[in-house]
Amino acid sequence: MTIATLERALPERRPWQIRFGNHPAVLYAGGGVVLLWIVVAVFADVIAPYEPNAHNLKDVLQPPNWAHWLGTDNFGRDVLSRIIHGTRIDLQMGIVGVALPFVIGTMLGAIAGYFGGIVDNILMRILDVVLAFPWLVLLMAIISLLEPGLVSFYIAITLVAWVSYARLVRSQVLVLKNSDFVVAARNLGYGHARIMFRHILPNALVPSIVFSMSDVVLVILAGSAISYLGLGVQPPTAEWGVMIAEGQNFIFTAWWMTTFPGLAIVCLALGFSLLADGLGEKLGVRE
């Protein structure tokens, strides 16, 4: 086999080279919902009609009306304004809480799958230990060992969620490392770093990227649940889980305090779910 033949064997379809044609409606719908929430988060200071933490004892527990479209809470704070500002925290939890495990899990999974041997065995045993515990219970336990707060949540979610990406990337690398284009790269004398980052990882990341879109939903729900339990974002910060926790004692007398933040969580989660489904359909990935 000549050098020219080997070089021609190297090009492989990359995620950024995939042409999107005939986008499914679900991809548009999910992307539109997520984009809308991003716009709300970026321009929260402009869009919100009131300060999110401004107390007004004259307007305590006001139902939805023309002055306060989604009502007020037990401190007279505008629920709509707090939901708008809470978008920043919940989007941040979803994006950062996925990005960190994605990077760490991808690198560890790629190294274990490519080199195999003792490195792979050690990673698999660590995976078994982490997966042996219910992930939400493990998340709460780690945060309890640290201290309640957003930083502790990021540390805990990284220690728990990286295993999913490591396992997914490892399985892809195990298949790809014996592919013709990787064998051709080895025969050309390319180093491990070039083979890994230029030929294997770009092709192994597509399923992980699709999975990360749906994983954002789980992270946002986990973040809201942790905040609801008092282990995540702390009051008086405007965050949807915190708002639901604050309104639970008024659920029969002021239903809007818990209903509207809950609907915001559902809407954002639905957007990312639709985006993940549409992206998976276009890329030919099935979870």
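The values are calculated or read from the model by the stated rules, or taken from the named source; none is laboratory data. Just so we're clear, the structure is a prediction, and the values are computed from it rather than from any experiment. Neighbour counts run over all protein chains shown; Cβ positions are idealised from the backbone, glycine included. The area values use the complete protein model at the heavy-atom level, side chains included, leaving out ligands, DNA and RNA. Shrake-Rupley method; radii C 1.70, N 1.55, O 1.52, S 1.80 Å.
Worth pointing out:
- Protein-only accessible surface at a 1.4 angstrom probe places the residues His68, His192 in the order His192, His68, largest first.
- Solvent-accessible area of Tyr190 with every protein chain in place, 1.4 Å probe, in Å² to the nearest 10: 50 Å²
- Each of Leu35 and Val119 was given a label point 7 Å from its Cα along the Cα-to-Cβ line. The distance between the two points is 4.1 nm.
- Two-site FRET efficiency, Thr259 against Phe197, from Cβ-Cβ distance with R₀ of 45 Å, rounded to 0.05: 0.40
- Each part reduced to its alpha carbon centroid, the stretch 67-101 and the stretch 267-282 end up 21 Å apart.
- Simple spin-label estimate for Asp180 and Leu159 gives 4.7 nm between the two label positions (7 Å along the Cα-to-Cβ direction from each Cα).
- C-alpha long axis of helix 79-115 to longest principal axis of the chain, angle in °: 20 degrees
- Given their separation in residues at 0.36 nm each and the Cα-Cα distance between them, Leu145 and Phe133 gain 2.7 nm when the chain is fully extended.
- Heavy-atom SASA rank of Phe260, Phe272 (probe 1.4 Å, accessible area, largest first): Phe260, Phe272
- Nearest-0.05 FRET efficiency for Leu61 and Ile126, computed from C-beta distance (R0 45 Å): 0.35
- Using the 1.4 Å probe convention, the accessible area of the stretch 51-108 works out to 47 Å² per residue with neighbouring protein chains retained.
- Of the listed residues Phe115, Phe75, the order by accessible area with a 1.4 Å probe, largest first, is Phe115, Phe75.
- Here each label is just a point 7 Å from Cα along the line to Cβ, and for Ile251 and Asn187 those points are 6.6 nm apart.
- Matching label, Rg and Dmax of the Cα atoms in Å computed from the structure shown, candidates [x] 23.0, 84; [y] 24.2, 74; [z] 18.6, 58: [x]
- Cβ-based net charge around Trp256, under 14 Å, with every Lys or Arg adding one and every Asp or Glu removing one: -2
- Cα gyration tensor shape for the stretch 157-287, rounded if a/c is under 1.5, else prolate or oblate: prolate
- Cβ-Cβ distance of Ala54 and Cys267, R₀ of 25 Å, FRET efficiency by 1/(1 + (r/R0)^6): the value works out to about 0.50.
- Rolled with a 1.4 Å probe across the full set of protein chains, the surface gives Asp277 an accessible area near 90 Å².
- Nearest-10 value in Å² for the accessible area of Thr106, using the 1.4 Å probe: 10 Å²
- Charge dipole magnitude, Cβ of K and R +1, D and E -1 - the stretch 86-237, Cα centre, debye nearest 20: 440 debye
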